[in-house]
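One structure is given below, encoded as structure tokens.
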Amino acid sequence: MNADADLSLDQLIELERLEAEAAEANEAQGTSPDDDVVLPWWQHPFNILTLVVTAAILAGMVGWMIGDDGARIEHNDVDTGFLQDMRVHHEQAVLMGIVYRNLPDTDPGLRTVARSIVTGQSLEVGRMIQLLRMFGEREANDSGTAMVWMGMASGVESMPGMATDDELDRLGRLEGAAADELFVELMTEHHLGGIDMAEYAVANGANDEVEKMATSMASGQRAEIAEMRSLLE
């Protein structure tokens with residue numbers, strides 16, 4: 001590949017100027033370009049130009065990273081509300097998964113799904129907290145009112161898909177096939193509510209990282225619903 005093809009016209013002109021100056025210096029000293037004069041590396045025109053171009057590239061990369069970091073910090077009330085409320089939503093799913101995994105005689109495949117939910121949603125909670133800290137927002141919604149960011153203010157326990165305390169108590173007393181059925185029923189409703197919240201955040205949020213997380217969350221929970229239903233059948 002021709003190295004000059006990647007240089008701008010101004011850079012080529014500058015390179016020619018530097019090489020001409022070097023040639024004039026050689027002539028003044030009674031030498032010619034063919035005399036194999038070895039200049040210090042920092043005086044060689046090509047090396048000088050290489051340093052200039054490299055510095056420009058590095059400056060561009062730093063500017064891109066700073067700009068990208070600024071894009072991640074940008075957020076609105078939907079991003080904040082989604083992260084705060086979905087944190088609580090996820091924490092119940094983790095609790096439900098732990099309860100189910102400790103029940104006797106349950107389906108091995110569903111226990112694997114439950115373990116995946118416990119692990120995956122715990123990691124997502126950590127990421128939500130990290131993003132809220134980056135935004136300079138509270139790590140949890142302590143107002144007592146959830147879903148304001150979706151225009152449907154409610155109590156935390158009334159968020160879409162949330163299981164009631166009675167339902168969780170009932171799940172904890174079951175075993176075998178009955179436990180499998182109630183776990184799939186409750187977790188399916190829980191996931192469907194979470195999907196609605198995630199899709200609203202994707203459509204109305206302002207932060208790229210929140211959008212990516214919510215998109216992945218909705219996709220993953222749809223897949224888990226399909227897997228749970230298939231295992232139950």
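Odds and ends about this structure:
- For the pair segment 99-146 and segment 209-229, the centres of their Cα atoms are 13 angstrom apart.
- Amide H contacts of Ala146: Ser154, Gly155, Val156, each under 5 Å away and 5 or more positions distant or on a separate chain (H built 1.01 Å from N in the peptide plane; Pro and chain starts excluded).
- Test item: Cα-centred dipole of segment 75-232, Lys/Arg +1 and Asp/Glu -1 on Cβ, debye: 380 debye
- For peptides 132-143, 157-168, sequence by mean Cβ density within 10 Å, most packed first: 157-168, 132-143
- Considering only alpha-carbon pairs that sit under 8 angstrom and 6 or more positions apart, the relative contact order computed for segment 75-232 is 32 percent.
The numbers here are math on the coordinates, done by the rules we state, and not lab data. This structure is a prediction, so every number in the text was calculated from the model and none was measured. Neighbour counts are summed over all protein chains in view; Cβ atoms, including those assigned to glycine, are modelled from backbone coordinates with ideal geometry.
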